[in-house]
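The values are calculated or read from the model by the stated rules, or taken from the named source; none is laboratory data. The structure presented is a predicted model; accordingly, all values stated were derived computationally and were not measured. Glycine also receives a Cβ, built like all others from the backbone with ideal geometry; neighbour counts cover every protein chain displayed.
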Amino acid sequence: MGGGQMERWHLTGCARAASGTNWSMASTVRLLMCPPDQYDVDYVINPWMEGNIHKPSRQTAASQWQALNELLRRDAQVESIPPHPGLPDMVFTANAGLAIGRKFVVSRFLHKQRQGEEEHFKTWFSKHGFEVFELPSDLPFEGAGDALLDRAGKYLWAGYGFRSELDSHPYLARWLDVEVISLRLIDPRFYHLDTCFCPLEGGWLLYYPQAFDAYSNRLIEQRIPAEKRIDVSEADAVRFACNAVNIGKHLVLNQASPELRGRLEAAGFEVRETPLNEFLKSGGGAKCLTLRLTEPEAPRGKSATTVESRELKLEGHLLDSGLLERALELTVQSGGSFQVLHFRLGKQRQSTSSAEIKVSAPSKEVLDKIVGQMIELGAVVGAREENDADLKSVTQAGVAPEDFLATTIYPTEIRVRGEWLPVRDQRMDGVVVVDEQAKIARCTLLRDLQIGDRVVTGSHGVRSVRQPEVREVRGSSTPDHEFAFMGAGVSSERRVELLVNQISWEMHQIRGRGGKIVVVPGPVVIHTGGGEHLAWLVRNGYVQALLGGNAIGVHDIEQALVGTSLGVDLKLGNSVEGGHRHHLKAINTIRGCGGIPKAVEQGILASGIFFECVRQNVPFALAGSIRDDGPLPETQMDLIKAQQEYARLLKGADLILMLSSMLHSIGVGNMTPAGVRLVCVDINPAVVTKLSDRGSIESVGVVTDVGLFLNLLTQRLSKLDQPIQT
Ligand code: NAD
C-alpha cells in the first residue's frame, strides 16, 4: 500500500475518533528517526547553539531520544537511519527532506556543516522505494523543517527567510502537485518553520505569530479561522512547544505551559510531554527529531505557488557606493529573496561593476514593490536582454491604466522601440506619458491625463539614472573635498556654523554664475526675527523665486507695517495691546491697496521680504490652505493652480532653501527632481530627516533655529560679498 493511501486511511480513523469511536489505528503512520550516537553541538549555525559547544550530555540525550522514540511507537511505526560520524545533526531527520506519497525531495542544506547528510538521506530514500527529487545544488531547502502539510493534505506551508530559499517553493509545487503557501520567518531563534508552526489534525494550528512577518500572518489568518488558531506565548515558543509531533489526537512535545496545555485539551488534543532539553541546545525538539514518511499525496492538479521572480541588472560603483548591499538588503527586508546570477567586478577604482540578480517574492504584490524600489536604485528589469516599456492607453480622462508606473525624483529613462528616452519634467508621484512618434516621454500628473495618452505600466523598460556615487562624496569629510560632508544627513547643532559656511559658499557661487536659488519660508522665519535677513538675501540677489503660504506673507507684512509678528513686538519681545488684530489689519490694508505690488507702489509697504521681492522683481507664489486668514489677494486658493505656479517657479532651480515650513517644503520636495541641492532648516530633527531623506546625496538637513540660521547665513554672505583687499 502506498504511503498516501495509508495516511488517508488513518485520517478516516481520526474522523471516527472525533465522533467518539475508538480511533487507535494510528500504527499506519511511519516516522523516520536517527539514533543520537553522533549527536553533539560541534558548531554554531543557529542562536541556540551559541555557548553550547560540546555541552549536551550524550547519555542524557540518548535516554531522552529513547523516551521520545517509545512514546511515538505507541502511535506510529518508527524506522531508523544509521547515524554517521562527523554529522552530529543527522539526528534531526525532519531536515532530511520532504516525503509526500512516494516522492522525496532531498534537502539542500544551507550550511556546509550539514551538507554531508544529503547523500545518506538520498541513499536511504532511494533504497526504500521513493522517487528522489534533487534541487539545484545552490538552492537551499531544508526539508520538513521548512515544509509542513496541512493535516488534510490540501496545501503545503513552506518557510523561508533563514535556511530555505523562496525559489525552492515553485519546485515543490511542481514536483509534489501541491499548492504551496510561502511564509517568511523573521526571528532567528525560529529559523525553521517547524520550530514555530505546527498544523494539527482537524484543521487546528499551533503557532507563534511573532516569528512571521505581517504579510505571512495575513496569509495564515486567511487560511485558518481565528477559532482554530492556537497562538503560543514566547515562553512556550522558546520551550519548543510548537515543535510537536501530532498523530491523531496525540501531541508529543518537549514542554507546554499549563495554560497552553489547557487550550490544547479544550481543542480535543492529549498533550504528551517528554523532556528534550539536550536537543534544545542544538535548536531542535520532538518534531525536528522525526520525519513523517507517510504524508498523503495531494489531490491531483492542485500544483500552485504564488512565488514570482524577476531578473534585474545593476550597474555602477556597486561595492564602493554600497549600492549592491542596499539593493540586496531591501529585497530581504521587503520579504523577498535573491540570487546573484552573475557579477562582474570593475578592476580599477574608477571602473564600474555589474550584477545580474534574480529577485523572488512570495507574491506579485510584494515583487512589484521590491522591483519598484530596485528601479529607484538604478536597476533595470531584464538581466540578459533589454525590454521595451509596456504602454497602455488612457480610456478615461484623469485616470491612469491599472499597474501604472509611479514616478520618483530620480532622472528616469524609458525604453521605447529599442531607444532609451529621458523623461522630461521629472518629479515624484506622477506617471509617464510617451509620445511614440515624437519620441518624447514626459512626467504627467494623474489629473492631466487625456484619453488616448500612452502611459508606462509595469516595470519593464524603465531605468533610473543615478549619479555615480563614489567613496569620496559619501561618508565622512575629507579636507580636500569642500562639500564632502554635505552628503545626505542631519547636522547637529555644533555643525551648524560649518554648514552655514558651506551653504553660503555654494549660494555665492550660484549667484556668481547667474543660477537660481528658490526659498520656501514658513512664518516662523518672521517670529524668530529672521525676516530682515531673508529680506537682505532678496535685496542682494540671493533669491530668484519665493514660494510659501498665506502666513509668511501676512506675518512679513504685519512686521513691516506695525513691527509685530502675530501681535508680538519683535524688538521688545512682548505682546502689544490689541496685537492679536494686527495680522488682520495687515491683510485688510493690502486688500485695500489691491495687492502687494500696489501696496509697494503706493508707498504703504516699504520694507520686508515681499517689499524686496517686488522691488527686485523676484517672482513669488503663495499657496492657500484651509486655515488661512484673509487671504492676501496674491494667495492662490485654487490649489491646482497654486501647484502649477510652484512647479513653474521651481524649474531650473540649482538650490532650494526650505526654511521651517513642513507643509510647503514637502510639496516642493515632491516636485523637485534629484540633482537639485536641497537645504532644509527646521528645529525639529524629525522634520529635517523627513525632508532631507531623499536617498540622494544632494540634500542636507540643518537642525537649528531658523532665525539664527538666517543671521549666520547673511553674515557669512556679506563677508563673501566684500571686495578682496589687495
Ligand atoms: P508647518 O507645520 O508646515 O511648519 C512649521 C515648521 O516650523 C515645523 O516643522 C516646525 O518644526 C518648524 N519650527 C518651529 N519653530 C522653529 C524655529 N524656531 N526654527 C526653525 N524651525 C522651527 O506650518 P506652517 O508652514 O507654519 O503653516 C502651515 C500652513 O498654514 C501654511 O499654508 C500657512 O500659510 C498656513 N498658516 C496660515 C496662517 C494665517 O493665515 N494667518 C497662520 C499660520 C499658518
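The number of residues in the stretch 600-632 that are buried (at least 18 other Cβ atoms within 10 Å of the Cβ), over 19 Å from Tyr542 (Cα atoms) and free of Cβ contacts under 8 Å to residues at least 60 places away in the same chain comes to 2. Please tell me if Glu698 is at pLDDT below 95 and within 35 Å of the chain's Cα centre (by Cα). Spelling it out, Glu698 is indeed at pLDDT below 95 and within 35 Å of the chain's Cα centre (by Cα).
Say whether the condition of being at pLDDT below 95, basic (Lys, Arg) and in a loop (DSSP other than H, G, I, E, B) is met by at least one residue in the stretch 619-629. Yes, the conditions are met somewhere in the stretch 619-629. Looking across the stretch 636-665, the residues that are near the ligand (Cβ under 8 Å from one of its atoms) and more than 24 Å from Thr444 (Cα to Cα) come down to Leu659, Ser660, Ser661, Met662.
As a summary of the residue check, Trp65 satisfies the conditions (1) under 19 Å from Arg239 (Cα atoms); (2) modelled with pLDDT under 95; (3) assigned to a helix (DSSP H, G or I) except for the one numbered (2). Against the conditions (1) surrounded by fewer than 21 Cβ atoms within 10 Å (Cβ to Cβ); (2) under 35 Å from the mean Cα position of the chain (by Cα), Glu79 satisfies every one except (2).
If we scan the stretch 540-559, do we find a residue that is in the same structural domain as Lys651 (by TED's automatic domain parsing), modelled with pLDDT of 95 or more and more than 29 Å from Lys641 (Cβ to Cβ)? Yes, some residue in the stretch 540-559 is in the same structural domain as Lys651 (by TED's automatic domain parsing), modelled with pLDDT of 95 or more and more than 29 Å from Lys641 (Cβ to Cβ). For Leu546, the stated conditions do not hold, so it cannot be described as crowded, with 17+ Cβ neighbours inside 10 Å, over 25 Å from Leu650 (Cα atoms), of a type outside the set (Val, Ile, Thr) and touching a helix residue (DSSP H, G or I) at 6+ places or on another chain (Cβ under 8 Å). Taken over the stretch 344-363, the criterion of being closer than 30 Å to Thr305 by Cα and either touching a Leu at 6+ places or on another chain (Cβ under 8 Å) or exposed (fewer than 12 other Cβ atoms within 10 Å of the Cβ) (or both) is satisfied by Ala355, Glu356, Ile357, Lys358, Val359, Ser360, Ala361, Pro362. If the condition is being modelled with pLDDT of 90 or more and either near the ligand (Cβ under 9 Å from one of its atoms) or assigned by TED's automatic domain parsing to the domain that holds Gly430 (or both), then the stretch 666-695 contributes Ile666, Val681, Asp682, Ile683, Asn684.
Among the residues making up the stretch 610-633, those that are within 14 Å of the ligand (Cβ to nearest atom) and closer than 21 Å to Ile517 by Cβ are Phe610, Phe620, Ala621, Leu622, Ala623. Entry remark, the stretch 511-521: residues being more than 13 Å from the ligand (Cβ to nearest atom), more than 18 Å from Leu712 (Cβ to Cβ) and either among the hydroxyl-bearing types (Ser, Thr, Tyr) or in contact (Cβ under 8 Å) with a residue 60 or more places away in the chain (or both) number 3 in total.
Filtering the stretch 168-202 to residues that are charged (D, E, K, R) and touching a helix residue (DSSP H, G or I) at 6+ places or on another chain (Cβ under 8 Å) leaves Glu179, Arg184, Asp187, Arg189, Asp194, Glu201. Residues that are outside the structural domain of Glu376 (by TED's automatic domain parsing), surrounded by fewer than 18 Cβ atoms within 10 Å (Cβ to Cβ) and closer than 24 Å to Gly145 by Cα are absent from the stretch 244-253 altogether.
Highlighted here are the strands (runs of 3 or more DSSP E) found entirely within the stretch 277-394 that include at least 1 residues which are on the phi > 0 side of the Ramachandran plot and not assigned by TED's automatic domain parsing to the domain that holds Ile451: 308-316. Of the residues examined, Val524 is not one that is more than 11 Å from the ligand (Cβ to nearest atom) and in contact (Cβ under 8 Å) with a residue 24 or more places away in the chain.
Regarding Gly578, is this residue surrounded by fewer than 16 Cβ atoms within 10 Å (Cβ to Cβ) and either modelled with pLDDT under 95 or farther than 25 Å from Gln644 by Cβ (or both)? The answer is yes for Gly578. Within the stretch 542-584, the residues that satisfy the criterion of being outside any helix (DSSP H, G or I), without any contact (Cβ under 8 Å) to a residue 60 or more places away in the chain and under 25 Å from Ile626 (Cβ atoms) are Thr564, Ser565, Leu566, Gly567, Val568. Of the residues in the stretch 496-510, none is in contact with a Gly (Cβ under 7 Å, 6 or more places away or on another chain), away from the ligand (no atom under 15 Å from the Cβ) and at pLDDT 95 or above.
Assess whether Ile587 counts as being within 11 Å of the ligand (Cβ to nearest atom) and assigned to a helix (DSSP H, G or I). Spelling it out, Ile587 is indeed within 11 Å of the ligand (Cβ to nearest atom) and assigned to a helix (DSSP H, G or I).
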